[in-house]
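Take a look at the structure set out below.
The values are calculated or read from the model by the stated rules, or taken from the named source; none is laboratory data. What you see is a predicted model, and the numbers here were worked out from it, not measured in a lab. Methodologically, a virtual Cβ is constructed for each residue, glycine included, from the backbone with ideal geometry; neighbour enumeration extends over all protein chains shown.
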């Protein structure tokens with residue numbers, strides 16, 4: 001356990017950006033800070049980098065009080081959203097900067113710096129670009145330079161602020177794998193800020209899901225998937241169907257079927273709103289099929305997958321994600337039975353005074369947030 | 001059919017010919033003619049008469065004083081411009097707008113008022129006049145007053161070049177340098193300064209031209225003592241009032257030459273600045 | 001951890017946070033800001049304080065007398081009217097020149113573009129003696145005007161003529177970048193919708209340029225009203241007729257009438273600032289309307 005963040009608060013004017021963040025990061029771990037904009041993830045990163053000072057709370061790295069150190073003294077590698085490459089220096093000079101500015105006593109020799117730069121150019125696979133200026137590079141190349149520059153000082157922590165935000169989808173996927181490889185090669189403890197759940201889940205050992213300055217859940221991607229701590233986590237991580245139900249003894253009862261509740265543990269009995277994923281949704285056209293009677297409205301293609309949009313008698317719109325083959329059995333206008341494999345109970349929605357399970361449907365605010 | 005007149009940049013329609021001719025004629029009348037007058041009057045009596053104007057000890061003294069004033073005022077205003085830009089473009093604090101307004105204020109001030117205020121402070125009947133008299137220091141009708149007047153007139157010129165540029169560039173590069181372990185001075189010298197060097201030079205150039213050519217403010221505080229407190233523009237005035245037109249226009253040619261050189265250097269610099277900015281927009285960055 | 005939280009909550013680590021400035025990881029604020037304040041204080045604020053305080057030495061009456069004295073009033077009127085008139089002409093000619101420079105390519109365009117800034121760079125005394133010579137009865141232009149019965153040099157008209165050059169670059173440099181950025185598709189859209197060139201100009205381009213033209217006007221006016229060097233040689237400086245306000249200040253100072261000189265100086269600065277603020281608020285109103 002190397003990095004300890006404990007009870008960090010930070011307020012901008014009246015806006016509470018961080019409200020009591022506590023988090024332990026293990027040595028060599030890859031952590032993703034995930035959340036919608038305004039959730040505080042970037043602020044937390046800036047606190048770690050020393051760019052923002054928390055109002056209170058503490059941060060220790062290997063037992064050293066991190067907040068007592070200035071940004072300059074922390075020896076962290078920070079990759080900025082827009083990379084912030086020094087535009088008047090070549091790629092090689094950019095990478096060498098952190099070593100060149102060291103006091104004479106600790107500064108490596110010219111040859112050692114040169115060797116380190118070559119090593120990093122190779123690690124980030126931009127050999128041959130050392131003499132170029134940032135303006136002459138593509139977005140992906142710039143990002144590699146930014147990572148190399150941050151790694152040059154052998155940082156105790158590598159912090160990345162939405163490093164893929166400015167790249168197109170193809171380059172982004174490629175660099176994602178690259179970043180994980182660099183992490184595994186160097187073993188540097190890495191914290192990545194992103195609003196893209198796919199990115200966070202694909203890269204990180206553990207994901208820290210943040211919302212409104214709080215941590216909603218910390219866990220491995222699998223844990224977040226199978227045991228979401230809150231309806232927010234569930235809706236943030238994927239497409240969601242919403243349907244009113246009756247909770248009894250840890251199961252959600254719908255018209256025509258019952259589904260197990262995976263979260264929250266021990267949901268109170270009574271009327272509630274259930275959330276479930278299109279990929280956990282099944283359709284059956286058999287004459288004796290169980291389930292909620294729905295009518296298929298539309299079938300849309302998406303690669304080898306099909307999204308089947310259905311409407312219940314109550315008016316709720318529900319989407320099922322089926323394989324191309326499975327969807328072949330259905331057509332628009334058909335009446336079928338719908339079941340969900342597992343659901344999450346939205347306690348917040350149930351507690352709302354204006355709660356009316358009959359009136360709601362897909363597209364409620366929480367679902368739209370994704 | 002493509003509507004007519006959409007391709008700009010070529011003078012091919014009657015309207016275009018008329019507009020370009022009108023514009024050029026107006027510029028020739030308003031700017032070209034006075035400039036030509038200076039040269040013609042200066043060389044009208046031959047090269048010898050022109051050169052004779054610079055053999056006068058008073059003329060040489062005025063050139064020396066002009067250089068001295070600029071050599072003090074310009075570096076001070078450059079230091080101020082850098083300090084102001086660093087604090088305003090790199091930090092958030094209350095009262096920033098008020099500070100910016102104050103810095104801009106001398107631009108809307110008559111040069112004569114910019115001289116007057118120093119007389120109000122340091123003149124014989126100024127606030128600090130008696131004090132200075134006791135101390136035996138002369139500010140008004142002396143070189144210090146000329147320097148102060150020049151500084152006040154030119155104080156915003158460099159700051160106004162740097163503040164918008166540094167605000168637009170943002171602090172990310174400096175912050176990156178800091179997290180990489182660079183100290184304040186290193187950050188300034190190796191990251192900030194290279195990014196603003198052309199704009200700084202541009203500001204220095206304008207500031208210098210204005211400082212060397214300042215007339216109104218300097219005229220109020222100088223006292224017009226030949227050979228002692230006369231800058232080159234004041235020397236021009238004195239010669240002109242003495243009906244030494246060749247001398248006046250010869251000295252004026254020197255100043256006009258300075259202006260033209262400044263304009264040429266400024267144009268070159270602006271191209272460099274534009275080239276430097278072109279570095280920034282990243283064409284390849286496709287926003288998803 | 002939760003217990004620790006509670007222990008830390010009531011005692012903020014850095015109580016200075018909600019101070020007048022925000023924390024930054026960059027160093028050097030203290031030194032840079034301190035020097036900036038010192039410099040602004042000594043070079044701008046202190047002189048301004050003197051200008052604001054000195055006029056009142058003989059009470060409000062003294063100030064009113066100093067400004068309302070016929071000779072002063074005439075000089076103020078001449079300075080501000082000539083500046084306003086010249087600024088109006090500058091708006092027209094400046095727009096024309098900016099338009100030509102951004103819309104047409106012709107040989108020597110670069111030189112012309114640079115030449116527009118000459119009044120910025122040319123020392124005012126040089127411009128002053130050149131204009132006086134040019135428009136004097138024996139000068140190139142003066143000799144042409146004399147037969148027509150037009151006297152420019154040593155008359156109030158001379159003041160106006162001198163300010164035509166002084167204010168021009170302000171308008172051109174305010175309008176030019178806006179014209180360059182003006183989306184060409186706007187004009188194209190108007191033309192494909194059947195607008196004639198003049199309609200396109202007056203209904204599409206001109207409204208977009210209005211804020212820049214206002215800025216140019218205000219700057220040209222403020223500069224012109226206070227102009228001294230380029231005007232003083234051509235004006236003739238006849239008290240009550242062709243004497244400009246800055247000259248009145250100089251004359252009063254020569255008579256050691258500091259309060260009187262400061263009164264006129266303060267009045268000039270006040271009018272310039274009022275015009276600048278007024279133009280600013282018009283622009284704010286315009287931009288509100290535009291962004292609605």
**Asked** Failed condition for residue A:52, given (1) in contact with a helix residue (DSSP H, G or I) (Cβ under 9 Å, 6 or more places away or on another chain); (2) outside any loop (DSSP other than H, G, I, E, B), with all others met?
**Response** (2)
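Rundown of residues vs (1) facing another protein chain (nearest Cβ under 7 Å); (2) surrounded by fewer than 24 Cβ atoms within 10 Å (Cβ to Cβ), yes/no style:
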site	(1), (2)
C:126	yes, no
C:135	no, no
C:138	no, yes
C:144	no, yes
C:157	no, yes
C:162	no, no
C:178	no, yes
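Would it be correct to say that residue A:228 is farther than 30 Å from residue A:96 by Cα, surrounded by 20 or more Cβ atoms within 10 Å (Cβ to Cβ) and out of contact with any helix residue (DSSP H, G or I) (no Cβ under 7 Å at 6 or more places or on another chain)?
Values: farther than 30 Å from residue A:96 by Cα: yes; surrounded by 20 or more Cβ atoms within 10 Å (Cβ to Cβ): yes; out of contact with any helix residue (DSSP H, G or I) (no Cβ under 7 Å at 6 or more places or on another chain): no.
When the stated conditions are applied, residue A:228 does not pass them.
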**Message:** Out of everything in region B:157-204 that is within 11 Å of chain C (Cβ to nearest Cβ) and over 18 Å from residue C:26 (Cα atoms), what residue ends up being nearest to the chain's Cα centre (by Cα)?
**Reply:** B:157
**Request:** Output yes when any residue across region B:215-224 is farther than 26 Å from residue C:120 by Cα, more than 23 Å from the chain's Cα centre (by Cα) and outside any helix (DSSP H, G or I), and no when none is.
**Result:** no
**Complete:** Quick count over region A:288-320, residues being touching a residue at least 60 places away in the same chain (Cβ under 8 Å) and touching a helix residue (DSSP H, G or I) at 6+ places or on another chain (Cβ under 7 Å), is 1
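Just checking, which of A:8, A:64 is without any contact (Cβ under 8 Å) to a residue 24 or more places away in the chain and either over 15 Å from residue A:208 (Cα atoms) or buried (at least 20 other Cβ atoms within 10 Å of the Cβ) (or both)?
Values: A:8 fails: without any contact (Cβ under 8 Å) to a residue 24 or more places away in the chain.
The unique qualifying residue is A:64.
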**Prompt:** Are any residues in region B:80-97 assigned to a helix (DSSP H, G or I), free of Cβ contacts under 8 Å to residues at least 60 places away in the same chain and surrounded by 15 or more Cβ atoms within 10 Å (Cβ to Cβ), and if so, which ones?
**Reply:** B:83, B:87
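Considering only region B:130-142, I want to know if a residue exists there that is free of Cβ contacts under 8 Å to residues at least 12 places away in the same chain, under 23 Å from the mean Cα position of the chain (by Cα) and away from chain C (no Cβ under 12 Å). Talk me through it step by step, then tell me what you get.
So the first thing to find is which residues in region B:130-142 are free of Cβ contacts under 8 Å to residues at least 12 places away in the same chain, and the list is B:130-138.
Narrowing the set further to residues that are under 23 Å from the mean Cα position of the chain (by Cα) leaves none.
No: region B:130-142 contains no residue that is free of Cβ contacts under 8 Å to residues at least 12 places away in the same chain, under 23 Å from the mean Cα position of the chain (by Cα) and away from chain C (no Cβ under 12 Å).
Here's the yes/no breakdown for (1) under 22 Å from residue A:219 (Cβ atoms); (2) touching a residue at least 12 places away in the same chain (Cβ under 8 Å); (3) not in a loop (DSSP other than H, G, I, E, B):
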site	(1), (2), (3)
A:163	no, yes, no
A:166	no, yes, no
A:171	no, yes, yes
A:176	yes, yes, yes
A:180	yes, yes, yes
A:193	yes, yes, yes
A:200	yes, yes, yes
**Request:** Return the pairs, sorted by first residue and then second, in which the second residue is crowded, with 17+ Cβ neighbours inside 10 Å and in a helix (DSSP H, G or I), the first residue lies in region C:251-276 and is without any contact (Cβ under 8 Å) to a residue 12 or more places away in the chain and more than 9 Å from chain B (Cβ to nearest Cβ), the beta carbons are less than 7 Å apart, and the residues are 6+ apart or on different chains.
**Result:** none
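Residue by residue, here is whether (1) modelled with pLDDT under 90; (2) over 25 Å from residue C:261 (Cα atoms); (3) more than 14 Å from chain B (Cβ to nearest Cβ); (4) in contact with a strand residue (DSSP E or B) (Cβ under 9 Å, 6 or more places away or on another chain) holds:
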{"residue": "C:13", "(1), (2), (3), (4)": "yes, yes, yes, yes"}
{"residue": "C:21", "(1), (2), (3), (4)": "yes, yes, no, yes"}
{"residue": "C:29", "(1), (2), (3), (4)": "no, yes, no, yes"}
{"residue": "C:44", "(1), (2), (3), (4)": "no, no, no, no"}
{"residue": "C:48", "(1), (2), (3), (4)": "no, no, no, no"}
{"residue": "C:85", "(1), (2), (3), (4)": "no, yes, yes, no"}
**Fill in**
Of (1) within 13 Å of another protein chain (Cβ to nearest Cβ); (2) touching a residue at least 24 places away in the same chain (Cβ under 8 Å); (3) not in a loop (DSSP other than H, G, I, E, B), residue A:44 fails just (1)
**Request:** Filter region B:98-122 down to residues that are without any contact (Cβ under 8 Å) to a residue 40 or more places away in the chain, within 13 Å of residue B:146 (Cα to Cα) and more than 7 Å from chain C (Cβ to nearest Cβ), then give me how many there are.
**Result:** 1
**Prompt:** Looking at (1) under 20 Å from residue B:213 (Cα atoms); (2) within 10 Å of chain C (Cβ to nearest Cβ), can you tell me which one residue B:74 breaks?
**Reply:** (2)
**Asked** Does residue C:219 satisfy the criteria of being surrounded by 15 or more Cβ atoms within 10 Å (Cβ to Cβ), in contact (Cβ under 8 Å) with a residue 40 or more places away in the chain, within 18 Å of residue B:33 (Cβ to Cβ) and within 11 Å of another protein chain (Cβ to nearest Cβ)?
**Response** no
**Message:** Quick check on region B:225-253: of everything there that is surrounded by 24 or more Cβ atoms within 10 Å (Cβ to Cβ) and over 23 Å from residue C:254 (Cα atoms), which residue is nearest to the chain's Cα centre (by Cα)?
**Reply:** B:252
